[in-house]
Every structure is written in structure tokens, then in C-alpha cells.
1. Report the semi-axes of the equivalent ellipsoid for the range 2-151 in whole Å, largest first, where each axis is √(5λ) for an eigenvalue λ of the Cα gyration tensor.
2. Considering the Cα trace of the range 119-161, what is its radius of gyration and what is Dmax, both in angstroms?
3. Give me the angle, in degrees from 0 to 90, between the Cα long axis of helix 92-106 and the longest principal axis of the Cα atoms of the chain, rounded to the nearest 10.
4. Using every pair of alpha-carbon atoms in the range 147-257, split the distances into 10 Å bins beginning at 0 and state the percent of pairs per bin, rounded to integers.
5. Given only helices, namely DSSP H runs of n ≥ 4 each adding -39500 (n - 2.57), what is the per-residue ellipticity at 222 nm of the chain, to the nearest 500 deg cm²/dmol?
6. Under a Cβ-Cβ limit of 4.7 Å, which cysteines in the chain have nobody to pair with?
7. Specify the angular offset, from 0 to 90 degrees and rounded to the nearest 10, of the alpha carbon long axis of helix 71-87 from the longest principal axis of the alpha carbons in the chain.
8. Considering just Cα atoms, how many Å³ per residue does the convex hull of the chain enclose?
Amino acid sequence: MSTPPPQPDPHADALARARDLLATARHVCVLTGAGISAESGIPTFRSSMNALWKDFDPATLATPQAFAADPERVTRWYDHRRLGCLAAQPNPAHLALATLERRLRARNADFTLLTQNVDGLHRRAGSTNLHELHGSILSWRCTVTARSIDPPPTPFERFPPPSPFDPAGLLRPNVVWFGEMLPEDALIAADEAARTCDVMLVVGTAAEVFPAAGFIELAARHGARVIEVNPEATAFSRFADAKLRGKAGELLPEMVG
Ligand code: OAD
């Protein structure tokens with residue numbers, strides 16, 4: 001009896017392709033979303049909310065209008081999320097990206113990490129050329145002076161928290177709410193990285209929120225090869241040269257080695 005011919009293994013092929021692309025890249029730009037922190041236990045906006053907050057719709061809380069109408073409710077919700085982020089730990093996917101940055105730098109290649117996450121886990125994992133497109137939940141700013149602080153890792157004593165900088169001010173999280181502009185320096189850096197990278201690695205994002213999602217197409221239009229790591233297909237999968245279907249915490253360490 002003859003042995004059957006070997007079957008193609010799409011996962012192994014995609015992994016080998018991704019490794020080749022990373023091994024020869026001169027500038028890797030990475031775009032991450034909530035999926036990379038899922039294995040650290042941080043719920044995404046679009047996943048089911050936990051019991052305490054199940055009656056709260058993030059799309060209606062994450063707006064300047066919601067804060068103006070009910071600052072106590074909005075800041076309580078963000079403080080709960082802030083403490084959850086501080087209690088979480090970077091997972092193997094965050095650590096693999098920090099390793100990738102060190103490897104690229106060691107051979108004089110560039111690395112730019114763009115994240116839509118506000119949880120601070122990339123920084124804690126050791127990534128340095130990092131742009132937090134949607135801000136950081138660990139930093140809060142005064143509504144009057146715009147000065148920022150990183151509050152201690154304990155719940156605020158009063159809601160809404162009073163500003164330490166101005167008696168008339170409140171503290172609000174330094175995150176980008178729906179309808180607000182992204183930080184200009186992060187936008188400029190992201191645009192530049194998307195235009196100049198030769199590999200765009202997209203991890204754990206549904207890529208439905210613009211302008212962040214637009215950087216994938218911008219990179220592809222400027223000739224970058226696209227690697228996607230996501231258990232599910234997305235609207236941007238069509239740009240991907242290597243599609244890795246699975247969890248970031250398992251696939252990124254395999255890819256980076
Ligand atoms: P989403 O919640 O829209 O998408 C999360 C993606 O992660 C999905 O495509 C999942 O398939 C994928 N995913 C889930 N588990 C994963 C895992 N273990 N490994 C890899 N991928 C996994 O989150 P974002 O795309 O980040 O904006 O959402 C973008 C923005 O929309 C957020 O930053 C926020 C939100 O509204 C603002 O707050 C302005």
C-alpha cells in the first residue's frame with residue numbers, strides 16, 4: 001500500500017512565511033488591539049462585561065457627553081477597569097513583542113509598536129518604541145489644567161475624583177473617548193511608521209475603529225507585507241500575506257522564537 005502524499009499544513013506554512021518576513025525585515029510596525037490582552041484576563045469592550053458592570057454599555061460610557069452628564073458613574077467604571085489593568089500581568093504575546101524589538105534593534109532594524117489598548121501591558125512587558133493611540137487608563141488628567149498624574153494602585157476615595165491641581169477640576173482618565181481626537185504625536189508617528197515599514201504585524205484587533213484600522217491599509221499600499229494574528233478573520237485579512245489563526249499568547253512566541 002502506498003503512503004498518501006503529505007497534506008499541506010496551512011498553519012505551518014503561515015508560520016514559516018511570517019518567520020521569514022520578520023527575519024529579513026528592515027522596519028517592523030506592529031498594531032495591537034484588545035485580543036492581545038485577552039490572555040491576561042482583560043475583558044475587551046466587545047466581549048461580555050462582568051456581573052458588576054453588565055448593565056453598562058461601554059459605547060455610551062466612553063464619551064465626553066457621558067462624563068459631563070454623570071461624572072461619578074463614568075469615573076467609577078474607569079477606576080474599576082484601571083485597577084483590573086494594574087492587577088493583570090503581561091502575557092507571552094506582550095513579552096514576545098518586547099523580544100522582537102530587542103532583536104531588531106540588535107541588527108539595526110526598526111520597530112514601532114502601535115497599540116489601541118489603554119492597559120499599559122506593552123510598556124510593562126518592556127516595549128519601548130510604543131505609541132498608545134487611545135491613551136492610557138493608568139494616567140488621569142485634570143479637566144481644568146490638563147495636567148496628568150498616575151494615581152496610586154488603590155481605588156479613588158471620592159467619585160468623581162477631585163483634581164489635585166485645581167479646586168474646580170475633576171480627574172478623568174487619559175483615554176480617547178468616542179468623538180475625541182487621538183493624541184497628535186501618536187498619530188504622526190503611526191502614519192510615518194505605516195508608510196515606511198516593510199512588515200506590518202497586526203495582532204488581536206477586529207480593526208473596526210478608525211483611524212487606527214486605516215494604518216493596515218496604508219502600510220499595504222506602501223508595499224509592506226502584512227502578517228495577521230487573530231483566531232478569526234477580519235475585514236483586513238484580505239491584505240495579509242500570512243494569516244495565523246489562533247491565540248496571540250501561543251502564536252507570537254512561536255513566531256518570534
Ligand atoms: P475588539 O474587541 O474589537 O477586537 C478584539 C479582536 O481580538 C477580535 O478580532 C478577536 O477575534 C481577537 N482576539 C480575541 N482573543 C484573541 C487572542 N487570544 N489572541 C489574538 N486575538 C484575539 O478590540 P479592538 O480591535 O482592540 O477604542 O478595538 C479597537 C478599539 O475599539 C478599542 O481600542 C476601543 C474600542 O472601541 C476606543 O476606546 C477609542
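1. Numbers: eigenvalues 271, 91, 30 Å².
Over the Cα atoms of the range 2-151, the semi-axes work out to 37, 21, 12 Å.
2. 12.5, 35
3. Helix 92-106 and the main axis of the chain meet at about 70 degrees.
4. With 10 Å bins starting at 0, P(r) equals 12, 31, 26, 19, 12, 1.
5. Values: 9 runs with 92 residues, N = 257.
For the chain, the value works out to -10500 deg cm²/dmol.
6. That list is Cys85, Cys142.
7. 40
8. Details: hull volume 38.6 nm³, N = 257.
It comes to 150 Å³ per residue, whole-number rounded.
Read-outs throughout are calculated quantities, based only on the coordinates presented, and are distinct from any laboratory measurement. The model shown is predicted, which means the values in this text are computed figures rather than measured ones. Cβ atoms come from the backbone with ideal geometry, glycine included; neighbour counts cover every protein chain shown.
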